[in-house]
Amino acid sequence: MAGFHTRFGAAVVAAAMLAGGPAFAAHQLKIGAVLPLTGELADYGPAAKNGIELAIEQINKAGGVNSAPVDLAVGDDQTSPQAGVDAAQKLVSVEHVDAILGPMGSGVFIPVAKTVTIPAGIPLISGSATSPVISTLDSKGFTFRTVPSDAFQGVALAQVTKDKGYTSVGVIYVNNDYGKGLADSFQKSFTKAGGKVTAVVPFEPKQASFRGEVQKAATGHPQALVLIAYTGDGVPILKEALESGRFSHFMLSDGMKAPEIVDAIGADYLNGSAGTAAAPLPGYAAAETFRADYKAKFGQVSPKPYIDTFYDATYVIALAAEKAHSSNGAKIRDAIKDVTAPDGVKVGPGEFAKAKAAIAQGKKIDYIGASGPVKFDAHGDVGGTFAHWEIQNGKIVTVKIFEPKQ
């Protein structure tokens with residue numbers, strides 16, 4: 001993949017030289033992506049990669065960044081902190097990337113940020129890492145995310161759980177920054193709303209069995225199980241919950257929003273199960289444009305979350321590099337505020353040529369993202385709205401989209 005873009009860039013140089021015109025700058029923008037192509041989050045990594053590739057294709061068709069095609073290098077974090085650090089280190093030291101997209105999991109994002117990208121002065125922007133801990137990092141302004149924190153998703157999940165009529169639940173969560181942060185936020189919000197959490201049980205990934213965790217979560221005979229997990233471990237947990245007879249009703253986190261769970265367990269057992277995931281409001285024009293472009297390239301729009309947020313993350317990096325007239329990490333970081341500026345020229349998905357023209361005139365950009373407005377606070381966080389999704393007749397459908405009530 002990276003080789004293709006490099007060869008394409010060389011062809012542009014040759015054409016410019018033959019035409020007697022100027023070639024592009026000596027150092028083109030090279031973006032790295034650390035994604036889970038294997039491991040517990042492998043059901044989501046390829047889809048996020050599609051979003052990134054769509055953005056880069058559109059950007060390059062519009063002339064690229066600073067008159068050069070954007071290059072992409074991808075590393076597999078295996079949904080593992082150490083593998084993620086290794087992949088990010090290779091992207092920085094061997095591939096010499098200027099910014100990194102990902103990782104998807106908070107438990108991988110945080111060590112990558114701390115040990116690789118912040119020390120190297122490389123912007124790191126994720127479309128799915130949601131742990132509230134990320135907001136507290138001493139990031140020197142180099143970490144961003146285009147998805148709301150679980151401080152908000154926990155509130156949203158609690159609201160949907162109450163809307164489903166459940167007044168008592170047991171919770172099982174993956175024992176990492178993502179799982180603990182979302183479990184804490186959910187418990188606080190659900191209890192505040194008058195609900196009862198009978199048990200909160202962490203689990204370690206890749207266990208041979210989760211019977212003990214399911215049994216503990218059933219303490220107090222709750223009406224439903226709230227499962228905060230990724231599909232790799234989530235599927236066997238659901239199977240054991242059903243086979244044991246301890247649970248038949250489920251509330252699921254965004255990490256479980258994938259058709260694969262229905263394929264693995266069966267619609268008859270999961271129909272009525274519900275969950276939350278970040279999503280733009282209905283009728284949002286930028287989202288409709290993105291979906292149409294995605295369908296044109298890939299044939300169908302996936303129900304999986306975070307494709308649009310990684311698309312937006314890619315656009316933000318490219319816009320900032322164009323605005324900075326540089327691929328330097330610190331300059332990209334500093335320019336992000338000028339391409340997500342409320343007083344800037346409004347630019348949406350697929351409108352990179354429009355952005356380039358405005359930047360050439362010295363104007364700021366207000367990027368209207370496919371996933372929703374992209375407005376970073378001092379911690380690199382964004383706000384947002386959430387979808388209440390359910391499994392109905394074996395399909396994942398959106399019931400409503402709402403803003404959580406704090």
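Rule-based calculations on the coordinates, nothing more; no lab input. Because the structure is a prediction, the values reported are computed rather than measured. Methodologically, a virtual Cβ is constructed for each residue, glycine included, from the backbone with ideal geometry; neighbour enumeration extends over all protein chains shown.
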Cut-off 10 angstrom, C-alpha nodes, Gaussian network model of the chain. Which of Q159, Q78, Q361 fluctuates the most? Q361
Report the net charge of residues surrounding A113, where surrounding means a beta-carbon distance below 11 angstrom and charges are Lys +1, Arg +1, Asp -1, Glu -1. +2
Enumerate the whole-percent occupancy of each 5 Å bin, from 0 to the last occupied one, for all C-alpha pair distances of the stretch 170-253. 3, 16, 30, 28, 16, 6, 1, 0
With +1 on each Lys and Arg Cβ and -1 on each Asp and Glu Cβ, how big is the dipole of the stretch 242-390 about its Cα centre, in debye rounded to the nearest 20? 620
Please give me the summed charge of the neighbours of L29: other residues whose Cβ is under 10 Å from its Cβ, Lys and Arg +1, Asp and Glu -1. -2
Residues of type lysines that K188 reaches as a straight line, Cα spacing below 25 Å, ignoring anything fewer than 8 places off in the same chain: K162, K164, K180, K196, K216, K257, K400, K405
Span per principal axis, largest first, for the Cα atoms of the stretch 270-313 (Å): 31, 22, 21
Within the under-13-Å Cβ sphere about G195, not counting G195, Lys/Arg +1 and Asp/Glu -1 give a net charge of +4
First check a/c for the chain, with a ≥ b ≥ c the square roots of the eigenvalues of its C-alpha gyration tensor; if it is under 1.5, answer rounded, and if not, answer prolate when a/b is larger than b/c or oblate otherwise. prolate
Quote to one decimal, in nm, the extra length available between Q361 and K188 on full extension: 0.36 nm per residue of separation minus the C-alpha distance between them. 57.4 nm
Going 7 Å from the Cα of K400 toward and past its Cβ, which residues in the stretch 148-172 have a backbone nitrogen under 19 Å from where you end up? 152-167
What does the helix-only formula give at 222 nm for the chain: each DSSP H stretch with n ≥ 4 adding -39500 (n - 2.57), the total divided by the residues, and the result rounded to the nearest 500 deg cm²/dmol? -12500 deg cm²/dmol
Normalised by the residues of the chain, what does the relative contact order come to in percent, with Cα pairs under 8 Å and at least six apart? 18
Sequence-distant or interchain residues sharing an amide H contact under 5 Å with V201, placed H: which? V171, I172, Y173
Taking the Cα centre of the stretch 349-395 as the origin and placing charges on Cβ (Lys, Arg +1; Asp, Glu -1), which of F352, G369, G380 is farthest toward the positive end of the dipole? F352
Packing rank of 302-309, 114-121, where each peptide gets the mean count of other beta carbons within 10 Å, highest leading: 302-309, 114-121
About its Cα centre, how strong a charge dipole does the chain have in debye, to the nearest 20, once Lys and Arg get +1 and Asp and Glu get -1 at the Cβ? 580
When F250, F298 are arranged by how many other beta-carbons sit within 10 Å of their Cβ, fewest first, they go F298, F250
May I ask for the distance between the Cα centers of the stretch 120-192 and the stretch 279-319, given as a whole number of Å? 22
Can you tell me the relative contact order of the stretch 169-222? Whole percent, Cα pairs under 8 Å, sequence separation 6 or more. 46
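Give me the extension gain from Q215 to S168: residue separation times 0.36 nm, minus the current Cα-Cα distance, reported in nm with one decimal.
On the way: separation 47, 0.36 × 47 = 16.92 nm, distance 1.57 nm.
Length gained between Q215 and S168: 15.3 nm.
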